[in-house]
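The structure appears right after this line, and notes come after that.
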Amino acid sequence: MKKLILLTMLAAAVSCGKTTISWKEGEPVDKRHSTFTLEIQQPPAGTDWYIWFSQFRTPVTLPDEADGHIEHVSGTLYRFIPKVDTHGKPLTVTYKARTLANNGRAPEAFYLVQPGKKPVKLEVAYEFLPSSIKHSFEWEHVDVLVEDMIPRLKHVEKTEGETAVPASWTSSQLVEGQKPGWYKICLKDNAAAVEAADEDALYWAGVTLANIRESADGATVPEMVIEDWPDLPFRGLMLDVSRNFTTKDNLLTLIDLMARYKANVLHLHMGDDEGWRVEIDALPELTSYGAFRGLPVLNEDGSISEPDALQPTYSASLDRNDLSGTANGYYSHADFVEILRYAAERRIKVIPEFDTPGHSRAAIKSMEKRAERTGDTSCLLSEPDDASTYVSVQDYTDNAINVALESTYTFVETVFDGLIALYKEAGVPLDVIHVGGDEVPEGAWIGSPACQKLMQEKGWTNVELLKDYFVSRVLDIAAAKGLKIAGWQELVQHLQPETAAKMAKGLGYTNVWTVSHGREELPYQFANQGLPVVISSAPNAYLDFAYNDSKLERGHNWGGLVDERRTFSLLPFSMYRSVRWDDHGEMLDISQAPVGKTPLVARENILGIQGQLWTETIRNFNHVTYYIFPKALGLFERGWNASPVWENTEASDDPAFVNDFNAFYSIIYDKELPFYQNKGIAYHIN
């Protein structure tokens, strides 16, 4: 009897134990796939439980005799389902999936679901294959002068005398006849006299003076006259706060860092599949529902419902109430007004974006909740009877706005009005709204009764004309409000002549992001057609790409690797020679790169450069700054100094390039990295 009681107690201890996860990366089995082991320690009894987790999309293969099954649900949401009852003993499955690009791509956010119990987040122990830190490039240090900074000054003339550096200019005046952004500083006799072409230039002169004062650190410096100006009017940074959010205070910190480098555009990607992040007063569900993620409800047919939040994705938390991470949150009305004012004081324009008509799942689901709550369908973006079948790039089957619904355009106009009101309250001008336009999945709209009806009324047989219809309607809404629209390159592609003509009048600019695989001519083709272009090229300007191929580096690699040398190499007026080394550090032959390709004729239509930080792999603000700094400094340098002395060189390692990069990175090493260290800013070091 005593033995039976003891065994019963031990069984109870096992069944009441704490379930945990051990995950192990195995060796590659071929060039693209590896084996992985998932062990569930002290699993619940029975087989009526399961585990949600998040994983970048990858086909998973398990042997038929495995003790569990791994099911892809939607986006990055997966479910582990047990097939046997192990009675508390570890449940282990070994499966084959795509080899990890780096450790940041491992599955995460495991939540145990049992009948009648609250879901529990499980602790995870990871075991990765050995890896080591890598250097992205070689460089040689050169002496750095007190006036050296990023972006570098165009002209500095020194004299024999020495002077203290005042905290601010002692006199200033605006002058006519100079190019936008031009300024001149005379630093002499412990004073700084500034001339400037405009208020922006006056502010940037102050930034230059502050940088010299910081470098001097209380010592005197040579007397000097500085003359400087930006080559390109648009020097931007895009931050995706939809997929993973960052708080208002973090955003203000980022704005301060951008101002240090005279960047002047912050593009906020605030509406996408995974979240809506700015409060629109007339549509509260966009943020009360669309700014949060939570565990879904599993239906009997295997589908999921999302009763009070969007399904989890790209995040280490699957809990709506968790505000400690990056899954949940939004900028309130007051927050956004403060952000606008703070940026404007630092001469930074904030461009708002909500992506349409693809990449719109958060808005679509939020408007469905609005209709469910209020009965008001006036801003509905989806059609209940739409039988279209498609899978988006990010593995969603329900992320495309129905462009045939009149309520779609009521929604667009309502959002425009909400943004206009926020900018007006902030006292900040709004002249362009970014509407995305990229990656509409093939198959969207085909099964929609509303779309079919519209096509019949118009006499159309080509479903692609629905894009023209959408673009034209949005352009009309913007024009009526005195605005222009911006968009990714797909927005302006493949339009009918009438729509293209309207686009040419109503386009603020287009971000050209794909300039590889035969699309490298798009920036110049668009510019030559009269379209304003902001170069946002993935091979040079995607900051979410890993610095190098070390398994210890976070970030994507689908379009290559981007480090400080790659951003520095971007040439807005010689794009075909902007990639001088491949992802393995091997020199490329750039001598013939421009041959046979579209030459740039309309240089004036290259407005500027923008770096993109998409946040699928971001889990905290330290990741944000680590990805950006110092990688983005090459872009800020090239936006200010667009035509370096090595622009027309035909060898990747031409001494003019090598010497210039050494000088550039020496400034980063001597001045910027210590600055980040002192300010507690996470950063990358080569």
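The values are calculated or read from the model by the stated rules, or taken from the named source; none is laboratory data. This is a predicted model, so every value here is computed, not measured. A quick note on method: Cβ atoms are made from the backbone with ideal geometry, for glycine too, and the neighbour counts reach across all protein chains shown.
Given the criteria out of contact with any strand residue (DSSP E or B) (no Cβ under 6 Å at 6 or more places or on another chain), buried (at least 22 other Cβ atoms within 10 Å of the Cβ) and among the aromatic types (Phe, Trp, Tyr), does Phe411 qualify? Give the derivation first.
Working: out of contact with any strand residue (DSSP E or B) (no Cβ under 6 Å at 6 or more places or on another chain): yes; buried (at least 22 other Cβ atoms within 10 Å of the Cβ): yes; among the aromatic types (Phe, Trp, Tyr): yes.
In short, yes.
Ser74 - would you say it is more than 30 Å from Arg361 (Cβ to Cβ), touching a residue at least 12 places away in the same chain (Cβ under 8 Å) and not aliphatic (A, V, I, L, M)?
Details: more than 30 Å from Arg361 (Cβ to Cβ): no; touching a residue at least 12 places away in the same chain (Cβ under 8 Å): yes; not aliphatic (A, V, I, L, M): yes.
In short, no.
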Among the residues of the range 595-614, the number that are closer than 21 Å to Leu531 by Cβ and part of a loop (DSSP other than H, G, I, E, B) is 6
In the set Glu425, Glu442, the lone residue that is surrounded by fewer than 23 Cβ atoms within 10 Å (Cβ to Cβ), closer than 18 Å to Arg361 by Cβ and in the same structural domain as Pro312 (by TED's automatic domain parsing) is Glu442
Checked the range 108-141 for anything in a loop (DSSP other than H, G, I, E, B), under 30 Å from the mean Cα position of the chain (by Cα) and under 24 Å from Ala45 (Cβ atoms); matches are Leu122, Glu123
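Confirm whether Ile280 is surrounded by 22 or more Cβ atoms within 10 Å (Cβ to Cβ), assigned to a helix (DSSP H, G or I), in the same structural domain as Val474 (by TED's automatic domain parsing) and among the β-branched types (Val, Ile, Thr).
Values: surrounded by 22 or more Cβ atoms within 10 Å (Cβ to Cβ): yes; assigned to a helix (DSSP H, G or I): no; in the same structural domain as Val474 (by TED's automatic domain parsing): yes; among the β-branched types (Val, Ile, Thr): yes.
Against the criterion (surrounded by 22 or more Cβ atoms within 10 Å (Cβ to Cβ), assigned to a helix (DSSP H, G or I), in the same structural domain as Val474 (by TED's automatic domain parsing) and among the β-branched types (Val, Ile, Thr)), Ile280 does not qualify.
Here are some residues: Phe545, Phe573. Which one is assigned by TED's automatic domain parsing to the domain that holds Tyr627, buried (at least 23 other Cβ atoms within 10 Å of the Cβ) and aromatic (Phe, Trp, Tyr)? Spell out how you get there, then give the answer.
Values: Phe573 fails: buried (at least 23 other Cβ atoms within 10 Å of the Cβ).
Exactly one residue qualifies, and that residue is Phe545.
Can you name every residue in the range 461-487 that is assigned to a loop (DSSP other than H, G, I, E, B), more than 19 Å from Tyr390 (Cβ to Cβ) and of a type in the set (A, V, I, L, M, F, W, C)?
Initially, the range 461-487 is screened for residues assigned to a loop (DSSP other than H, G, I, E, B), giving 461-464, 481-483.
Applying the additional criterion that residues be more than 19 Å from Tyr390 (Cβ to Cβ) yields 461, 481-483.
Hit for the range 461-487 is Leu483, nothing else.
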| query | Hey, any hits in the range 643-659 for a residue that's modelled with pLDDT of 95 or more, crowded, with 19+ Cβ neighbours inside 10 Å and charged (D, E, K, R)? | reply | no
When restricted to Asn641, Asn678, the only residue without any contact (Cβ under 8 Å) to a residue 12 or more places away in the chain, more than 30 Å from Pro312 (Cβ to Cβ) and over 23 Å from the mean Cα position of the chain (by Cα) is Asn678
For the range 538-560 the number of residues that are of a type in the set (Asp, Glu) and more than 11 Å from the chain's Cα centre (by Cα) is 2
Flagged pairs (Cβ under 6 angstrom, 6 or more apart or on separate chains; first in the range 224-240, more than 11 Å from Ala263 (Cβ to Cβ); second buried (at least 20 other Cβ atoms within 10 Å of the Cβ) and among the β-branched types (Val, Ile, Thr)) are Ile226/Ile185; Asp240/Thr615
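Among the residues of the range 340-347, are any in contact with a strand residue (DSSP E or B) (Cβ under 6 Å, 6 or more places away or on another chain) and part of a helix (DSSP H, G or I)?
Step one: list which residues in the range 340-347 are in contact with a strand residue (DSSP E or B) (Cβ under 6 Å, 6 or more places away or on another chain), which gives 340, 343.
Narrowing further to those that are part of a helix (DSSP H, G or I): 340, 343.
Taking every residue of the range 340-347 in turn, at least one turns out to be in contact with a strand residue (DSSP E or B) (Cβ under 6 Å, 6 or more places away or on another chain) and part of a helix (DSSP H, G or I).
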